[in-house]
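Shown next, in structure tokens, is the structure this report addresses.
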Amino acid sequence: MKRYTFAILFAVFAVAQAASADTLRLRSGQSVEGVFLSADTQQVKFLGPDGQSKTYPIASVEGVTFAAVPMQPAGAPAPKPKPTTVNVLAGTSIYVRMVDSVATDKSHAGDLFTASLDSNLVTNGVVVARKGAIVHGRVIKSENARRLTGRSELQLQLNDIVINGAAHPISTGDFQQTGASEGANTVKKTAGGAGLGAAIGAISGNAGKGAAIGATTGLGVSMIKKGEPIRVPSETLLQFNLNQPARLPVAL
């Protein structure tokens, strides 16, 4: 009898090594679905479908079977976990489309503005923030030229980006635009869409080097003349560069 008991236990545990979800087979022909808990020389303990733990005399147990568990091939590398945060390097370009309008004849230094990512922010193949993510910025300098004299000057920078519902600080160089002398072509503006649209600003951390580099498409090009205000309307596309690394979470 003792030898028979150990044979039953050996069969139960041998099957358990190769599998993992559970059916208790009784010598009466009955099968019970549930979870195998334990066994000794006297009994098998099994959690039934009703959530109740029951014991079965070892002599009444035919065996226990388990559903096969997928095994990872030997030598196969474990999949790399998706990073939860990444380090975005200094110099990384961030393209945003203005939501708010900014103008030297209406905006003041310290004013905040809202924009949205115009394309995914990607680092090392990881999408850090998706197109459309909200970005906040600040007007650093806004000077409107006097009539017929002087030049208007506008400087903008980005302060934070919203990822997974939370704002995370970033530091960018300034977008700077300075009105030029009479007749100079400084900022091109295109008619169409929601109105005046899209100039791409080349941004530099070195104040004085930033300049608009032209319109994307469209007709109706106009120029900022000496003494005129600088206006950055809603839907304008601007480029900023990080001037220091930013540790940011990965978009879910």
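Worth pointing out:
- In the stretch 228-248, the residues that are among the aliphatic types (A, V, I, L, M) and over 19 Å from the mean Cα position of the chain (by Cα): Ile230, Val232, Leu237, Leu238
- Unique residue being under 30 Å from Gly150 (Cβ atoms) and small (Gly, Ala, Ser) when the list is Ser101, Ser116: Ser101
Results for (1) assigned by TED's automatic domain parsing to the domain that holds Gly29; (2) among the aromatic types (Phe, Trp, Tyr); (3) at pLDDT 90 or above; (4) more than 45 Å from the chain's Cα centre (by Cα), shown as yes or no for each residue.
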{"residue": "Gly51", "(1), (2), (3), (4)": "yes, no, no, no"}
{"residue": "Thr55", "(1), (2), (3), (4)": "yes, no, yes, yes"}
{"residue": "Ile58", "(1), (2), (3), (4)": "yes, no, yes, yes"}
{"residue": "Gly63", "(1), (2), (3), (4)": "yes, no, no, yes"}
{"residue": "Ala78", "(1), (2), (3), (4)": "no, no, no, no"}
{"residue": "Tyr95", "(1), (2), (3), (4)": "no, yes, yes, no"}
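- Counted residues, the stretch 35-49 - those being in a loop (DSSP other than H, G, I, E, B) and either polar (S, T, N, Q) or within 49 Å of the chain's Cα centre (by Cα) (or both): 4
- Per the conditions (1) without any contact (Cβ under 8 Å) to a residue 24 or more places away in the chain; (2) buried (at least 16 other Cβ atoms within 10 Å of the Cβ), the sole criterion not satisfied by Leu117 is (1).
- Ser119 vs. criteria under 20 Å from Arg97 (Cα atoms), hydroxyl-bearing (Ser, Thr, Tyr) and not in a loop (DSSP other than H, G, I, E, B): no
The values are calculated or read from the model by the stated rules, or taken from the named source; none is laboratory data. Fair warning: this is a prediction, and the values are worked out from it, not measured in the lab. Cβ atoms come from the backbone with ideal geometry, glycine included; neighbour counts cover every protein chain shown.
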